[in-house]
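What follows is a set of notes on a single structure, which appears directly below.
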Amino acid sequence: MNLEEIKDLIKLVSKSGIGKIEIESEGFKIAIKNANASNDQPVYIQAAAPVALPQVAAPAAPVAATPVASTEIAEEARYITVKSPMIGTFYRTPSPDKDAFVNVGSVIQAGDKVCIIEAMKTFNEIESEVSGKIVKVLVDNASPVDYDQPLFLVDPA
């Protein structure tokens with residue numbers, strides 16, 4: 001298993017409510033326990049040989065929607081995405097009675113605090129790794145977020 005597969009497995013366990021999962025494969029063993037789950041019975045998975053799924057042709061997109069979608073994709077491609085470094089609850093403000101760290105149009109520098117993510121009753125201030133202008137806030141306040149989930153779009157120009 002590579003790191004991405006392990007991260008995906010952690011996300012699956014946290015979302016599914018499984019209490020514990022153990023996987024063993026050719027000299028590799030991993031056990032993940034979900035502290036929030038009510039079921040303490042472990043789930044065992046024996047690794048099997050990969051199976052190729054049949055390829056299904058995607059339905060053709062309407063012609064009128066294609067120019068709009070490609071323009072939108074090209075515009076968002078020039079933006080930098082600020083992603084969540086952990087699983088938790090996203091907060092835009094330091095406390096309920098305070099203003100948001102950043103809003104659409106806010107100019108930020110690398111190291112500026114952009115939000116808080118609460119994980120296991122610990123409030124982690126998230127700092128921007130990029131400088132630029134906030135173009136879009138992608139997550140609602142007090143919403144759960146996953147590892148590597150996009151939070152903000154930043155225009156570096």
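Points worth noting:
- Note, ³J(HN,Hα) from phi for the range 143-157, Karplus 6.51, -1.76, 1.60, rounded to Hz, x at Gly and Pro: 9, x, 10, 9, 4, 6, 6, x, 10, 9, 10, 10, 8, x, 5
- Remark: the range 112-123, residue by residue, has Karplus-estimated 3J(HN,Hα) of 6, 6, 10, 5, 10, 10, 8, 9, 6, 6, 10, 9 Hz, where x stands for each Gly or Pro and the curve is 6.51 cos²θ - 1.76 cosθ + 1.60 at θ = phi - 60°.
- Annotation: the residues Leu153, Leu3, Leu12, sorted from fewest to most other C-beta atoms within 10 Å of their own C-beta, follow the order Leu3, Leu12, Leu153.
- With K and R counted +1 and D and E -1, the other residues having a Cβ less than 11 Å from that of Ala110 yield a net charge of -3.
- Cβ-based exposure ranking for Ser131, Ser84, in which fewest neighbours within 10 Å come first: Ser131, Ser84
- Label-zone membership for the range 119-157, site Val104, 7 angstrom Cα→C-beta point, backbone N under 15 Å: 133-141, 152-155
None of the figures in this text is laboratory data; all of them are computed from the coordinates on show. If you're wondering where the values come from, they're calculated on a predicted model, not measured in any experiment. Cβ coordinates were reconstructed from backbone atoms using ideal geometry, including for glycine residues, and neighbour counts include every protein chain displayed.
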